[in-house]
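Let me begin by presenting the structure, written as structure tokens, before commenting on it.
The values are calculated or read from the model by the stated rules, or taken from the named source; none is laboratory data. Quantities reported herein were computed from a predicted structural model and do not represent experimental measurements. With ideal geometry, Cβ positions are generated from the backbone for all residues, glycine too; neighbour counts draw on all protein chains shown.
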Amino acid sequence: MSANEFDLVVLGGGTGGYVSAIRASQLGMKVAVVEKDKLGGTCLHRGCIPSKALLRSAEVYHTMTRSNEYGIEIEGLAANFRKMQERKQKIVDQLHRGVQQLMKKGKISVFHGEGRIMGPSIFSPQAGAVAVTKKDGDSEILVPKYLLVATGSRPRTLPGLDIDGEYVLTSDEALQLEQLPKSIIIVGGGVIGIEWASMLNDLGVEVQIVEFAERILPLEDADISKEMARLLKKRKITIHTGARVLPESLTKGDNGVSIKADKKSGSLEIHAEKLLICVGRMANVENIGLDNTDAKVEGGYIQVNPYFQTAENHIYAIGDVIGGLQLAHVASHEGMKAVEHMAGLDVSSLDYSKVPKVTYSRPEVANVGLTEEEAKVKGLSVKTGVFHFRAIGKALVHGESDGFVKLISDEKTDDLIGVHMIGPHVSDLIAEGALATVLNATPWEISHTIHPHPSLSEIMGEAALALNGKAIHS
């Protein structure tokens with residue numbers, strides 16, 4: 001095998017891509033990763049990690065503003081956004097070095113440059129060779145036995161709301177702000193929008209949310225969505241739901257931005273210093289050479305089978321480019337399954353109903369499985385159990401007792417089919433719910449699992465008991 005021949009070439013070095021490469025290396029494959037920017041991709045550099053680092057700073061600042069409640073007196077408290085950004089970058093840089101080291105440990109070749117898939121050529125009788133153009137203009141041809149496309153996604157924009165980086169931003173530009181605006185309009189009340197609303201509000205920014213759906217977090221269980229809206233409004237965040245933004249109404253000037261939106265009750269005009277667009281993400285499928293292959297792109301996403309193969313069996317795709325749940329942990333598991341399938345291992349298809357999902361706001365939101373509405377649409381007869389954090393001692397000790405856990409079970413089988421949480425540290429607590437759904441656990445089994453006292457995890461046992469009206473501390 002020559003220097004440019006590989007068992008696997010991964011196009012894209014984000015979370016899904018580099019995890020796939022490591023798994024392939026573990027299975028004895030000779031692997032190369034092509035990355036045009038930095039290893040770690042969106043999650044590490046423009047998404048999961050930097051945003052959560054800033055959210056943590058905002059959370060700490062909020063806690064310190066309430067320090068008197070904990071018996072701690074502080075004078076001269078101030079939020080230094082520049083230092084928050086420096087801390088964020090330090091974390092990102094440390095993790096980036098870690099990923100680079102993982103590539104060396106796995107003896108994975110990394111090619112920095114733009115990769116484009118080639119059709120059949122003198123280099124390969126089948127489509128899938130990759131031409132890598134480096135920043136200095138040099139190019140190399142990589143010839144793989146298998147190709148894995150993991151090029152990720154970018155923030156979706158709205159026609160007429162052109163991103164200028166000064167007045168109109170996506171999360172990419174917001175993460176690079178040097179100073180906080182005094183006010184902001186956030187278009188989109190989904191996961192990304194709510195996280196930014198929570199963070200900026202904690203840091204003293206006046207926030208307005210404009211959401212097209214009739215409620216924020218429209219994919220969450222309705223009870224969770226309702227509770228989040230109540231808590232955000234309590235924090236003086238203005239929420240406009242059922243509102244369609246009119247892009248042609250955007251005006252920009254020295255005083256900031258103004259925009260209009262249509263509602264059933266009439267139109268409204270909103271003004272703020274900046275406008276943040278949080279309306280989802282779109283796959284990076286352009287200009288990577290897919291047109292040189294038989295791989296199909298529909299609705300902006302690469303079409304794959306349950307083993308992540310495209311129409312060309314030796315070309316696979318995973319992560320945000322195939323749509324579905326655009327989450328880093330999903331991309332990682334998709335990638336590992338794809339690689340194991342290449343290696344001829346016995347691979348089961350990924351059950352997306354058992355994937356935990358989190359909104360890292362204050363309070364956090366987490367879920368796995370069906371919402372109550374989804375279960376009823378499927379014709380299931382359900383039971384629900386709800387238990388509030390205000391009855392959990394550790395939540396009171398922690399100083400964050402808003403929110404609740406809601407469990408949903410199938411009345412006929414007693415299987416747990418949905419776990420929904422809003423409250424402190426539910427991004428950690430949801431792991432128990434995810435494990436329960438994987439094991440087809442019943443509420444009885446959860447209620448008979450001994451949870452330590454005092455701990456936030458006690459709420460799982462109580463919520464399970466609540467399904468049958470037997471909660472102890474209700």
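When residues of the stretch 253-290 are filtered for being surrounded by fewer than 16 Cβ atoms within 10 Å (Cβ to Cβ) and either among the hydroxyl-bearing types (Ser, Thr, Tyr) or assigned to a strand (DSSP E or B) (or both), how many remain? So that I can check it myself, show each step before the final result.
Residues of the stretch 253-290 surrounded by fewer than 16 Cβ atoms within 10 Å (Cβ to Cβ): 253-255, 262-269, 271, 280, 286-287.
Those still in the list that are either among the hydroxyl-bearing types (Ser, Thr, Tyr) or assigned to a strand (DSSP E or B) (or both) too: 253, 262-263, 265-269, 271.
The number of residues fulfilling the criteria is 9.
In the stretch 450-474, what residues are without any contact (Cβ under 8 Å) to a residue 60 or more places away in the chain and surrounded by 14 or more Cβ atoms within 10 Å (Cβ to Cβ)? So that I can check it myself, show each step before the final result.
Taking the stretch 450-474 first, the residues without any contact (Cβ under 8 Å) to a residue 60 or more places away in the chain are 450-452, 457, 460-461, 469-470, 472.
The answer is HIS451, SER457, MET460, GLY461.
Check LYS145, LYS105 and return the single one that is surrounded by fewer than 20 Cβ atoms within 10 Å (Cβ to Cβ), at pLDDT 95 or above and out of contact with any strand residue (DSSP E or B) (no Cβ under 6 Å at 6 or more places or on another chain). Give the steps one after another, and end with the answer.
Working: LYS145 fails: out of contact with any strand residue (DSSP E or B) (no Cβ under 6 Å at 6 or more places or on another chain).
Of LYS145, LYS105, the one residue that is surrounded by fewer than 20 Cβ atoms within 10 Å (Cβ to Cβ), at pLDDT 95 or above and out of contact with any strand residue (DSSP E or B) (no Cβ under 6 Å at 6 or more places or on another chain) is LYS105.
Out of the residues in the stretch 148-170 that are buried (at least 21 other Cβ atoms within 10 Å of the Cβ) and not hydrophobic (A, V, I, L, M, F, W, C), state the one that is nearest to HIS271 (Cα to Cα).
THR170
When residues of the stretch 183-206 are filtered for being surrounded by 24 or more Cβ atoms within 10 Å (Cβ to Cβ) and over 19 Å from the mean Cα position of the chain (by Cα), how many remain?
Residues meeting the conditions: 2.
What is the number of the single condition among (1) of a type outside the set (Asp, Glu); (2) under 30 Å from VAL132 (Cβ atoms); (3) touching a Phe, Trp or Tyr at 6+ places or on another chain (Cβ under 8 Å) that LEU55 does not meet?
All conditions are met except number (2).
Name every residue in the stretch 448-474 that is among the small types (Gly, Ala, Ser) and either more than 19 Å from GLY423 (Cβ to Cβ) or within 28 Å of the chain's Cα centre (by Cα) (or both), in order of residue number. Spell out how you get there, then give the answer.
At the first step, the residues of the stretch 448-474 found to be among the small types (Gly, Ala, Ser) are 455, 457, 461, 463-464, 466, 469, 471, 474.
Within the stretch 448-474, SER455, SER457, GLY461, ALA463, ALA464, GLY469 qualify.
Does any residue in the stretch 425-446 that is outside the structural domain of VAL330 (by TED's automatic domain parsing) and among the acidic types (Asp, Glu) come within less than 8 Å, Cβ to Cβ, of a residue that is in a helix (DSSP H, G or I) and at pLDDT 95 or above six or more places away or on a different chain, and which pairs are these?
Matching pairs, first to second residue: GLU432/ILE446; GLU432/MET460; GLU445/ALA436.
Would you confirm whether or not the stretch 291-303 contains a residue that is closer than 24 Å to LEU180 by Cα and not in a strand (DSSP E or B)?
Residues of the stretch 291-303 closer than 24 Å to LEU180 by Cα: none.
No, the stretch 291-303 has no match at all.
Would you mention how many residues in the stretch 1-15 are of a type in the set (S, T, N, Q) and modelled with pLDDT of 95 or more? Steps first, please.
Within the stretch 1-15, the subset of a type in the set (S, T, N, Q) is 2, 4, 15.
This time we only want the ones that are modelled with pLDDT of 95 or more, so: 15.
Matching residues across the stretch 1-15 total 1.
So which helices (runs of 4 or more DSSP H) are wholly in the stretch 1-103 and hold at least 2 residues that are among the β-branched types (Val, Ile, Thr) and within 30 Å of HIS341 (Cα to Cα)?
On the way: elements: 15-26, 41-46, 48-65.
By residue number, 15-26.
Would you point out the residue of the stretch 383-421, among those that are polar (S, T, N, Q) and under 28 Å from the mean Cα position of the chain (by Cα), that is nearest to SER353 (Cα to Cα)?
By that ranking, first place goes to SER409.
I'm told LYS83 meets every condition in (1) among the basic types (Lys, Arg); (2) under 27 Å from the mean Cα position of the chain (by Cα); (3) within 20 Å of GLY113 (Cβ to Cβ) except one. Can you identify the failing condition by its number?
If we test LYS83 against (1) among the basic types (Lys, Arg); (2) under 27 Å from the mean Cα position of the chain (by Cα); (3) within 20 Å of GLY113 (Cβ to Cβ), just (3) comes out false.
Search the stretch 345-392 for residues being in contact with a Ser or Thr (Cβ under 6 Å, 6 or more places away or on another chain) and β-branched (Val, Ile, Thr), and hand back the single one that is surrounded by the fewest Cβ atoms within 10 Å (Cβ to Cβ).
In this case the residue turns out to be VAL358.
Let's see how each residue does on (1) over 22 Å from VAL419 (Cβ atoms); (2) in contact with a Lys or Arg (Cβ under 7 Å, 6 or more places away or on another chain); (3) of a type outside the set (A, V, I, L, M, F, W, C); (4) in the same structural domain as TRP444 (by TED's automatic domain parsing):
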position: ASN313; (1), (2), (3), (4): yes, no, yes, no
position: VAL321; (1), (2), (3), (4): yes, no, no, no
position: VAL339; (1), (2), (3), (4): yes, yes, no, no
position: ASP346; (1), (2), (3), (4): yes, no, yes, no
position: THR371; (1), (2), (3), (4): no, no, yes, yes
position: LYS383; (1), (2), (3), (4): no, no, yes, yes
position: HIS398; (1), (2), (3), (4): no, no, yes, yes
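Hey, any hits in the stretch 229-242 for a residue that's touching a residue at least 40 places away in the same chain (Cβ under 8 Å), surrounded by 15 or more Cβ atoms within 10 Å (Cβ to Cβ) and either farther than 30 Å from VAL386 by Cα or touching a Pro at 6+ places or on another chain (Cβ under 6 Å) (or both)?
There is no residue in the stretch 229-242 that is touching a residue at least 40 places away in the same chain (Cβ under 8 Å), surrounded by 15 or more Cβ atoms within 10 Å (Cβ to Cβ) and either farther than 30 Å from VAL386 by Cα or touching a Pro at 6+ places or on another chain (Cβ under 6 Å) (or both).
Consider GLU312 carefully, then state whether it is in contact (Cβ under 8 Å) with a residue 60 or more places away in the chain, part of a loop (DSSP other than H, G, I, E, B) and surrounded by 14 or more Cβ atoms within 10 Å (Cβ to Cβ). Talk me through it step by step, then tell me what you get.
Values: in contact (Cβ under 8 Å) with a residue 60 or more places away in the chain: yes; part of a loop (DSSP other than H, G, I, E, B): yes; surrounded by 14 or more Cβ atoms within 10 Å (Cβ to Cβ): yes.
Yes, satisfied.
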